[in-house]
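Read the structure below first, then the notes.
Bear in mind that the values in this text are calculations on the coordinates, not laboratory data. All figures in this text were calculated on a predicted structure; none of them were measured in a lab. Counting neighbours? That spans all protein chains shown, and the Cβs are built from the backbone with ideal geometry, glycine included.
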Amino acid sequence: MKFENRYYADYTVIREYTKHVFCKTTRIMGMILMIVSMCGFGLSLFAGYTVSESVLFICCFLGGLMIYCYYFLVLRAMTKQSDNLHGGTLPEMIIKFGDRIELNEGNVQMEFDYKQIIKVHNLPNLYALMIDKNQSIIVAKGGFVKGTKEEFEKFIREKIK
């Protein structure tokens, strides 16, 4: 075993993953819709339309805001799912990197091959090793009990080439 990572998947871990990985595209689309609708609203007022005639742009802006904030709902659902899975307690996540990746989360145990990793997201406090579009192995940068995050970053890049 070359690396071992331990952490508790609390609200901050789930929030960072949800915001920067799971709902990233949704948040970008919401931001684009808000910017386009603000520009359209400004141009319509500049062209002489009244605010009541430009209500479509206001509705589009609010829709974009709702899309942008969608990740709060996803975050709540993921937190609730984690609570239901583990009976309201936070089990320690133990991830071991050797010939294979071994993940232990409470009473859930899984193994993965390095060739299953399709992408690595380097977040401020986490690494998200994407197994497929909706499944990932989350590794806390501050959770290494064997090895360091710098060594791990080199190691994982070499393994997924």
Checklist line | Max mean-square fluctuation residue, GNM over the chain, Cα-Cα springs under 10 Å, options Lys19, Lys115, Lys96 | finding: Lys115
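Can you give the local net charge around Thr18? Use residues other than it whose beta-carbon is closer than 11 angstrom to its beta-carbon, Lys and Arg +1, Asp and Glu -1.
Working: positive: Arg15, Lys19, Lys24, Arg27, Arg76; negative: Glu16.
Overall, the nearby charge balance is +4.
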Checklist line | Length-normalised contact order for the range 1-66 - Cα pairs under 8 Å, 6+ apart - percent | finding: 36 percent
Next item on the list: Give me the net charge of Glu150's neighbourhood, meaning all other residues with Cβ under 15 Å from the Cβ of Glu150; Lys, Arg count +1, Asp, Glu -1.
Entry: +3
Note to self: Quick check on my link table: of Lys2/Lys161; Lys2/Lys24; Lys19/Lys159, which ones sit more than 20 Å apart, alpha carbon to alpha carbon?
What the structure shows: Lys2/Lys24; Lys19/Lys159
Notebook entry, point to check: Between Val145 and Ile28, what is the FRET efficiency for a Förster distance of 35 Å, r being their Cβ-Cβ separation, to the nearest 0.05?
Noted result: 0.50
Next item on the list: Return a whole-number percent for the relative contact order of the chain, with Cα pairs under 8 Å and 6 or more residues apart as the contact set.
Entry: 30 percent
Check: So, in Å, what gap is there between the alpha-carbon centers of the range 35-59 and the range 121-161?
Finding: 45 Å
Check: Which net charge results when you count Lys and Arg as +1 and Asp and Glu as -1 among the other residues whose beta-carbon is under 11 Å from that of Ile131?
Finding: +1
Item checked: Extension gain, Gln135 back to Ala47 (0.36 nm per residue minus Cα-Cα distance, nm) -> 26.9 nm
